[in-house]
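The values are calculated or read from the model by the stated rules, or taken from the named source; none is laboratory data. Just so it is clear, the structure is predicted and the values come from calculations on it, not from any experiment. Please note: Cβ atoms are built from the backbone with ideal geometry, for glycine as well, and neighbour counts cover all protein chains shown.
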Amino acid sequence: MPKSSRLLVSLALSATPLLALAAADTPATQSAAQAKQTLPKLDKVQRIGDVALSPDGTHLAWVQEGKQAVIELADADGKHAQALEVGAKLADCSKGDLAWSPDSHQLAFIANCGHDLTNTEAMHTDVYLADADGKSAPREVAKLTGYARALAWTANGKSLGFLYVPGATRHATATAAGKPQVGVIGEDEHEEIQRVASLDVASGAVHTLTPASIYAYEFGWSTDGSRIAYTAAPAPGDNNWWVAKLYVQDAKEGAAPRVVVDPSTVSGSLHGLQMALPRWSPDDSRIAFIGGLMSDQGATGGDLYSVSPSGGEPSNLTSGIAVTPQWFAWAGKDALTVSQNAKGKVQLARYDIRGEQASAQAPYFTVPAMIGAGGAVLSVSLSADHQRVAFEQSSYEHAPEVHAGKLDGTAPPAVTSLNAGLKPAWGKAVSVEWKNEGRDVQGWLLYPANYDPHKTYPMIVSVHGGPAWGVLSTWPGMGAMYAAEGYFEFMPNPRGSFGQGEAFVQANRKDFGYGDLRDILAGVDAVEKMAPVDDHRLGLTGWSYGGFMSMFAPTQTQRFRAVVAGAGISDWQSYYGENQIDQWMIPYFGASLYDDPAAYAKSSALSFIKQAKTPTLIIVGDRDEECPAPQSFEFWHALKTLGVPAQLVVYPNEGHHFANPEHTRDLQQRSLAWFAKYLPASK
């Protein structure tokens, strides 16, 4: 890090706490004092990790996260819950990747006992097996030096497959803090490669199945356990997920991989797009996956496709649907159980496959909530016969609980009461819909705490990242800190978002900051017609793509009076050469920067920077691979040069997702104080 950056970080993090920034009784100091009381309240929630229903539908397991993560074992209806006794050795370790054996007698999980926030020390992840009755201590099956995740049993119960990065010093994701960029760049002989591995349960022997020449992202076992299907690309893994191919190979060390789908060469709707969640059909005759325009690994969404394991053109099973499938499992030879985003709500539905088309049946249920069971977004855990289901669920009204029950047309009830006494510290939540330029658009509005309909309130617009993502109703915690402090919070899902089909997701290609901004501003107009929002007290914030929008929007409109831009992008042209995930950009911009620089300049805030007048707080981690700190430096430098009030805070050893809770709390307090200074919640 340059000396100037180190100095800035030192000044930012050693500064006097917010509550003592000024002695005067200003809105900012009043808000800081309130924040000291409000923020801890927002963080009082029992968090739930993985949820796993046994294949026979009789046992349920989940992880209660915290300083000491606990695995709970219970009956399928949540009764007779008991904590799995793991002993002192594992008490302080994180635990996850719950996976029941096919016979439902054993539960496998991964324990990670390292807590290195700098991502410089080798990780240690160990695989354990526990009996279903929880009466004996789990036994260690494998001790791994590196990063392991995504446990999956073979159907015969003899092996566990998983993704493995031998010797890893960081999580296998571009959102983790990157390695320091020093020395010879781009020629690292010790590249951390994620591979598909298998573990023989009886002997504990570990076998790496996929070659070290390619980086594996996701995998699935064939039903007979003889083959694996996986997505992979050459290293570096953080960058090349967007150009991954689908491979099939025998489940043996040294087996030759064979390309089944290459999106760069296929014709049709998948051309140039991304793939996720490869899953074999029960008869091993085809592989299904989700394909679409996806801006982030792990943020899965698109159409459902299938292809023969021997290759050929993949079939788009769901072309033209107006929802976004985000997770699925085979429910039979010609049926899928699909979890999907439907205009800001979650549906679980069955799709029947006839030939090259899949048709959705009436949803089992639709909930204004977020669901998940671990691993993939909107995932659920199903019994082998798909008669029972389990998952974690939360919403703006209800804190997280484990839900489980029959899959019979109604949403299953909560079977835990971990957060039963927790009430929202913000006002009511409303789904808002509006039309703009011929499109239906949707978003969520949080009312301020202690709402008085006779008063007018300021509103903060929060733009989600991605852009291929979607805001769903979920227990927001710190995400509701503005509403808890007396603001309306508006979270739109403009074009480019999940929830309304693949055409809507692709509607902002080559158009970043224009159509999506018009959708957002039209949404603000719609909110102001239904709620007492003061149009002269509008704020704007966002992280990642939302950070870009928070930098770009003030160069296009003076409607916002204060901005907090997190991990943003100010100049797409310089960003292209600074980030370590540039492969994601070509599907959106249509060409590389070197082939079409004008396309990148068109959406850059710095191209219009002299029009920016809005006071802006800029926040970023110094080791962010996805939205590197120089982008924030450029924007801060421009605003300061032009005399616009601006502050830049750079946090050490942080990536795109912050790992140090002290840094997270600091940026939350600074954000509240910034809006209190320029956009006070009360006049």
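What the table below lists for this structure:
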| item | result |
| --- | --- |
| Single residue of Asp262, Asp303 found to be surrounded by fewer than 18 Cβ atoms within 10 Å (Cβ to Cβ), under 28 Å from Gly470 (Cα atoms) and acidic (Asp, Glu) | Asp262 |
| Filtered residue count, region 71-109, keeping only those that are in contact with a strand residue (DSSP E or B) (Cβ under 7 Å, 6 or more places away or on another chain) and within 17 Å of Val415 (Cα to Cα) | 12 |
| Search result, residues across region 619-666 that are of a type in the set (Phe, Trp, Tyr) and over 19 Å from the mean Cα position of the chain (by Cα) | Phe633, Phe635, Trp636, Tyr651 |
| Pick from region 219-258, criterion more than 28 Å from the chain's Cα centre (by Cα) and among the hydrophobic types (A, V, I, L, M, F, W, C), ranking: surrounded by the most Cβ atoms within 10 Å (Cβ to Cβ) | Ala251 |
| Scope region 185-209; condition farther than 19 Å from Ala233 by Cβ and at pLDDT 80 or above; matching residues | Ser198, Leu199, Asp200, Val201, Ala202, Ser203, Gly204, Ala205, Val206, His207 |
| Helices (runs of 4 or more DSSP H) contained in region 525-621 and holding at least 2 residues in contact (Cβ under 8 Å) with a residue 40 or more places away in the chain and farther than 25 Å from Asn436 by Cα | 572-578 |
| Odd one out for Met481 among (1) out of contact with any strand residue (DSSP E or B) (no Cβ under 7 Å at 6 or more places or on another chain); (2) assigned to a loop (DSSP other than H, G, I, E, B); (3) surrounded by 20 or more Cβ atoms within 10 Å (Cβ to Cβ) | (2) |
| Inter-residue pairs, beta-carbon under 8 Å, first without any contact (Cβ under 8 Å) to a residue 40 or more places away in the chain and more than 15 Å from Ser395 (Cβ to Cβ) and in region 339-356, second part of a strand (DSSP E or B) and β-branched (Val, Ile, Thr), 6+ apart | Gln340/Thr324; Gln340/Val346; Ala349/Thr337; Ala349/Val338; Arg350/Thr337; Arg350/Val338 |
| Complete set of residues in region 93-132 that are modelled with pLDDT of 90 or more and loosely packed, with under 15 Cβ neighbours inside 10 Å | Asp103 |
| Any pair with Cβ under 8 angstrom, 6 or more apart, that starts in region 295-319 at a residue that is closer than 19 Å to Tyr247 by Cβ and ends at one that is hydroxyl-bearing (Ser, Thr, Tyr) and part of a loop (DSSP other than H, G, I, E, B) | Gln297/Thr173; Ser306/Ser281; Ser308/Ser285; Pro309/Ser222; Pro309/Ser285; Glu313/Ser267 |
| Options Val45, Val51, Val86; residue that is within 30 Å of Ala673 (Cα to Cα) and of a type in the set (Val, Ile, Thr) | Val45 |
| Gly178 being over 14 Å from Met123 (Cβ atoms) and in contact with an Asp or Glu (Cβ under 8 Å, 6 or more places away or on another chain) | yes |
| Answer from Ala605, Ala612 - the residue that is within 27 Å of His657 (Cα to Cα), crowded, with 22+ Cβ neighbours inside 10 Å and of a type in the set (A, V, I, L, M) | Ala605 |
| Qualifying residue in region 664-678 (condition: of a type outside the set (A, V, I, L, M), at pLDDT 95 or above and part of a loop (DSSP other than H, G, I, E, B)) | no |
| Some residue of region 639-646 being touching a strand residue (DSSP E or B) at 6+ places or on another chain (Cβ under 9 Å) and of a type in the set (Ser, Thr, Tyr) | no |
| Of residues in region 52-108 being over 29 Å from the mean Cα position of the chain (by Cα) and of a type in the set (Ser, Thr, Tyr), the one nearest to Leu418 (Cα to Cα) | Thr58 |
| Residues located in region 421-447, provided they are under 20 Å from Val45 (Cβ atoms) and of a type outside the set (Phe, Trp, Tyr) | Gly421, Leu422, Lys423, Pro424, Ala425, Gly427, Lys428, Ala429, Leu446 |
| Condition met for Ala411 (in contact with a Pro (Cβ under 9 Å, 6 or more places away or on another chain), assigned to a loop (DSSP other than H, G, I, E, B), at pLDDT 95 or above and of a type in the set (Gly, Ala, Ser)) | no |
| Qualifying residues in region 151-162 (those that are in contact with a Leu (Cβ under 9 Å, 6 or more places away or on another chain) and not hydroxyl-bearing (Ser, Thr, Tyr)) - the one surrounded by the fewest Cβ atoms within 10 Å (Cβ to Cβ) | Ala152 |
| Test for Tyr451: is it surrounded by fewer than 23 Cβ atoms within 10 Å (Cβ to Cβ) and in the same structural domain as Ala507 (by TED's automatic domain parsing) | yes |
| Qualifying positions in region 308-353 - closer than 26 Å to Asp440 by Cβ and of a type in the set (Phe, Trp, Tyr) | Trp327, Phe328, Tyr351 |
| Any hit, region 377-396, residues being among the aliphatic types (A, V, I, L, M), buried (at least 19 other Cβ atoms within 10 Å of the Cβ) and at pLDDT below 95 | yes |
| Criterion violated by Gly513 - all others in (1) in a helix (DSSP H, G or I); (2) touching a residue at least 40 places away in the same chain (Cβ under 8 Å) satisfied | (1) |
| Every residue from region 127-165 that is without any contact (Cβ under 8 Å) to a residue 12 or more places away in the chain and either of a type in the set (S, T, N, Q) or in a strand (DSSP E or B) (or both) | Ser136, Arg139 |
| Flag for Glu502 being buried (at least 24 other Cβ atoms within 10 Å of the Cβ) and more than 17 Å from Val432 (Cα to Cα) | yes |
| Filtered residues of region 635-652 (kept if surrounded by fewer than 16 Cβ atoms within 10 Å (Cβ to Cβ) and either among the charged types (D, E, K, R) or not in a helix (DSSP H, G or I) (or both)) | Lys640, Leu642, Gly643, Pro645 |
